[in-house]
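Encoded as structure tokens, the structure appears first; notes follow it.
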Amino acid sequence: MEIKILREVLEANRDAAEEVREYLRDKGIFMVNLIGSPGSGKTTLLEKTIEHLKDTYRIAVIEGDVATDRDARRLQKYDIPIVLINTGGSCHLESVSIRKALGEFEASATDIVFVENVGNLVCPAEFDIGEYAKIAVSSVTEGHDKPEKYPLLFNECRAVILNKVDLVQFTDFDSPAYHESIRKLNPGAPLFEISCRQDMGLDKWYEWLSKTRDEWLKSVRR
């Protein structure tokens, strides 16, 4: 019985993800799924990214959290559409919830949707929500072994962000080992080494994001 139920859940999520993907293509909305552990800096990265891109693109956010609206409230200052999804204990967002959340945005006034997934390196990587790009967010304070410990996310992501590089001197983070893990798991994924607090390395992330979005839009409008 448990196996059947799990299969039904995964199939329902897959079907809804395809609906989301088709909707995004039809409306020309680029959706990015930020996945990382609690404390990796996802919300701060989102703040920096919105601030930099808000005059170029019309941005909306789907904020996923187990409880509270703290991260969503941090983003209200940018005066952009935000939908909060409290999972009530679930460790990931599902495509059914994403489909409903997208309906809250004015499609004709939306260029990019950022999804900040629940803080977790395992479950969110397993569930397709119809996004174009999963972005793996990790930090030097978490250790250099995260790609090897959580290979699914780092294998499936389109880009890797290593945050808090300004703190590397205070840790035993092994940068060559981290780089080697990424090369083995996902050699085509760009790796952006950044510090949100110190505004280090963010320009290359912004450039990649804008270029990738524009190339995606051209491909869906052919």
Starting from the amide H of ALA159, placed 1.01 Å from N in the peptide plane, find each other amide H under 5 Å away whose residue is 5 or more places distant or on another chain. ALA136
Stretched out fully, how many nm does the piece from ARG197 to GLU126 gain, at 0.36 nm a residue minus the Cα gap? 22.6 nm
Selected from LEU93, LEU153, LEU102 as most flexible by GNM, with the chain as the system and alpha-carbon contacts under 10 Å: LEU102
Where is the GNM fluctuation largest for the chain (alpha-carbon springs, 10 angstrom cutoff): LYS184, LYS164, LYS134? LYS184
Please compute the net charge surrounding GLU131, taking Lys and Arg as +1 and Asp and Glu as -1 over other residues with Cβ under 10 Å from its Cβ. +2
What does the charge add up to near GLU63, with Lys and Arg as +1, Asp and Glu as -1, over the other residues with Cβ less than 13 Å from its Cβ? -2
Rounded to whole Hz and in sequence order, give me ³J(HN,Hα) for region 20-37 from the Karplus expression 6.51 cos²θ - 1.76 cosθ + 1.60, θ = phi - 60°, writing x for Gly and Pro. 4, 4, 5, 4, 5, 5, 4, 8, x, 9, 8, 10, 10, 10, 8, 10, x, 5
If we count every other residue with Cβ under 13 angstrom of VAL220's Cβ, Lys/Arg +1 and Asp/Glu -1, where does the sum land? +2
Where Rh denotes the Kirkwood radius from the mean inverse Cα pair distance, what is Rg over Rh for the chain? 0.95
Within region 56-202, count lysine pairs with alpha carbon atoms under 22 angstrom apart where the residues are 8 or more positions apart or belong to different chains. 9
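Every number here is computed from the coordinates shown, using simple stated rules; none is lab data. This structure is a prediction, so every number in the text was calculated from the model and none was measured. Here Cβ is always computed from backbone atoms with ideal geometry, including for glycine, and neighbour counts include all displayed protein chains.
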